[in-house]
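Report on one structure; see the data block that follows.
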2 protein chains.
Amino acid sequence: MKLITKQTDYAVRALGYLSGRGDTFISSGEIARAENIPASFLRRIMQVLIKAGIVAAREGKNGGVRLAVNPATVRMIQLIELFQGKIELSDCMVRKDICPNRRTCALRTKIQQAERRLFQDIGKTRLSELI
Amino acid sequence: MKLITKQTDYAVRALGYLSGRGDTFISSGEIARAENIPASFLRRIMQVLIKAGIVAAREGKNGGVRLAVNPATVRMIQLIELFQGKIELSDCMVRKDICPNRRTCALRTKIQQAERRLFQDIGKTRLSELI
DNA sequence: TTAAACTAATACTAAAATGGTGTCAGAATG
DNA sequence: CATTCTGACACCATTTTAGTATTAGTTTAA
């Protein structure tokens, strides 16, 4: 059971790398080499970050990517949801039909409690705190 | 992203059912019907619980399963690890070679914090609290 | 003005995890 | 001895995750 997939992990590392490089555009290739991430995989990851507005891209030679926001405004929960989808915990919260005694399902309550905590802990952590 | 898979979910529901039935042996089939769980799937799940010593089985006609331990001693973390494996969070904690700057990896620290909390919240929850 | 170094977009494949089924054997019971 | 169970697996389908590749288009610099 993994809480953080490679995509999220790679994204954090790439963003960390970028945050140390100011305003200059860095190529995905350079990041991939430096952080030991498969290059084409990282490119796809970058495109997600670009569409999310977290990094900005510049095409062409000497192009690349750079942070588009202050690292203090990027939260782990945003990255996790971007690459792993919303935290669902268990189907019984999503597909309400499958749990016969849903109303009194105590597991559900417990799990929701845990969810709230998880949001507090890794969720609200800012990218700036990681670098 | 899911914290609880169906196997774990089914296991909890089955154990909940058993906990209301005292010392008599109940067939997997009956539990499956009552809790709306695919029968053969539940059978496989029960075998795991049996091997883990959480339920005891009796073969043959009028056989079945029953709780082998006090529900208060069964913790969610045990069930999660049984069916979903240990909580690993990210590879950078497991395969120490892949993260180049592991020593100062701040994500690692944060994630470990979250892990501890997660253990407290759903992990240490007792089966008896869920039923 | 063209080659080189980039991103954009997306299709594709491989591997692993998850969810679910089926079967054959053997034990207990009535 | 037929029925109702578990034991022990092998098998399959689907989804998720990881990773590769390809074609097109943009920018720059020689």
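Every number here is computed from the coordinates shown, using simple stated rules; none is lab data. Remember, predicted model here, so these are calculated numbers, not experimental data. Here Cβ is always computed from backbone atoms with ideal geometry, including for glycine, and neighbour counts include all displayed protein chains.
Within 14 Å of chain A (Cβ to nearest Cβ) and assigned to a helix (DSSP H, G or I), is that true of residue B:7?
Numbers: within 14 Å of chain A (Cβ to nearest Cβ): yes; assigned to a helix (DSSP H, G or I): yes.
It is true that residue B:7 is within 14 Å of chain A (Cβ to nearest Cβ) and assigned to a helix (DSSP H, G or I).
Being within 9 Å of DNA strand C (Cβ to nearest atom) and over 18 Å from residue A:80 (Cα atoms) is the filter; apply it to segment A:33-44 and report the residue that is farthest from the other protein chains (Cβ to nearest Cβ).
A:40
Please enumerate the residues belonging to segment A:54-70 that are more than 13 Å from the chain's Cα centre (by Cα) and more than 16 Å from DNA strand D (Cβ to nearest atom). Steps first, please.
Here is the first cut: in segment A:54-70, the ones more than 13 Å from the chain's Cα centre (by Cα) are A:56-70.
A:67, A:68, A:69, A:70, listed by residue number.
Has segment A:45-62 got at least one residue that is under 19 Å from residue A:127 (Cα atoms), β-branched (Val, Ile, Thr) and within 7 Å of DNA strand C (Cβ to nearest atom)?
Checked against the condition, which is being under 19 Å from residue A:127 (Cα atoms), β-branched (Val, Ile, Thr) and within 7 Å of DNA strand C (Cβ to nearest atom), segment A:45-62 yields at least one hit.
Is at least one residue of segment A:27-37 near DNA strand D (Cβ under 9 Å from one of its atoms) and either part of a loop (DSSP other than H, G, I, E, B) or touching a strand residue (DSSP E or B) at 6+ places or on another chain (Cβ under 6 Å) (or both)?
yes
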